[in-house]
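Structure record follows, encoded as structure tokens.
The values are calculated or read from the model by the stated rules, or taken from the named source; none is laboratory data. None of these values were measured; they are calculated from a predicted model. Cβ: placed from backbone, ideal geometry, glycine included. Neighbour counts: every protein chain shown.
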Amino acid sequence: MGLSVDSPACLRRSIFRCGGALINSRYVLTAAHCLPRPDLSPTHVRLGEWDTSTDPDCVTRLNKEPICAPKVIDVEVEKAIIHEQYLRKSVDQRSDIALLRLKESVSYTDFVRPICLPTDEELRDNSFEDQAMFVSGWTSNKYLETSPIKIKRTLNVWNLTSCQEKYSSYKVPLDISQLCAGGQSGDDTCVSGPLMVPLESGGHKVFYIAAFSSYGTSPCGIKGWPDVFTRIGAYVDWIQQKLEA
């Protein structure tokens, strides 16, 4: 999902620099740092996007017959809700989380569906250490160039103590509301967005949002240095308190 500050007429030319995750038909979860000030906060979200250079997105079968997804859905943002404890200029960037309430409900399709929140107790407290997760977005390299096609990377979650030791050399404190992942390859931390984990539920794999990109090294993609994410389980109560009917 892309977040844009443009008017609907300009959306096809937009560069979606931040991502988000649909959590129900009216709310998108994103990072607070993606909302720098009112005039630069997202005015629209785009759902069902894969290749920003085409609409609809299509692939060609072996028999040269195209298979196309429905057109993307652009929805206006009604209001942004930033966590009250987020301090934009803080070194640690704790509580880097925000919600966007949409002006209208989204109709679900095979390509637009909400991701699950880690609401049960075990998932809320889970640090997901050593677990492989997926992150996806359109930023592709250390120069922050954007790819027209959404990129997916697999990131391994670090032990928090090891990550704290790593970032302490720059006097950046971390706590249990944060999670570290990536740094295994040269560019895996250059893709930012929701960090997703597939878990078994009722005999099926269900994707949960475990964390959301917050910050990392500059430039990104330095091997041996993970990115820091906001751990969603630590903020489930806050999210649920902010949701309106």
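A few comments on the model shown:
Listed here are the residues, each with its yes/no results for (1) touching a helix residue (DSSP H, G or I) at 6+ places or on another chain (Cβ under 6 Å); (2) of a type in the set (V, I, T).
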site	(1), (2)
C180	yes, no
S201	no, no
F207	no, no
T217	no, yes
T230	no, yes
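- Residue in the stretch 159-176 that is modelled with pLDDT of 90 or more, outside any helix (DSSP H, G or I), touching a helix residue (DSSP H, G or I) at 6+ places or on another chain (Cβ under 7 Å) and crowded, with 23+ Cβ neighbours inside 10 Å present: no
- Residues that are in the same structural domain as C34 (by TED's automatic domain parsing) number at least 1 in the following strands (runs of 3 or more DSSP E) confined to the stretch 61-153: 66-68, 73-82, 98-102.
- Note on the stretch 210-239: residues that are more than 14 Å from L195 (Cα to Cα) and of a type in the set (A, V, I, L, M, F, W, C) amount to 7.
- For beta carbons closer than 6 Å, sequence separation of 6+ or different chains, a first residue in the stretch 124-137 that is in contact (Cβ under 8 Å) with a residue 12 or more places away in the chain and a second that is in a loop (DSSP other than H, G, I, E, B) and among the β-branched types (V, I, T), the qualifying pairs are V135/V191; G137/V191.
- Of residues in the stretch 177-186 being in a loop (DSSP other than H, G, I, E, B) and of a type in the set (S, T, N, Q), the one nearest to the chain's Cα centre (by Cα): S177
- Subset of the stretch 83-114 [buried (at least 16 other Cβ atoms within 10 Å of the Cβ), farther than 25 Å from V206 by Cα and modelled with pLDDT under 95]: D92
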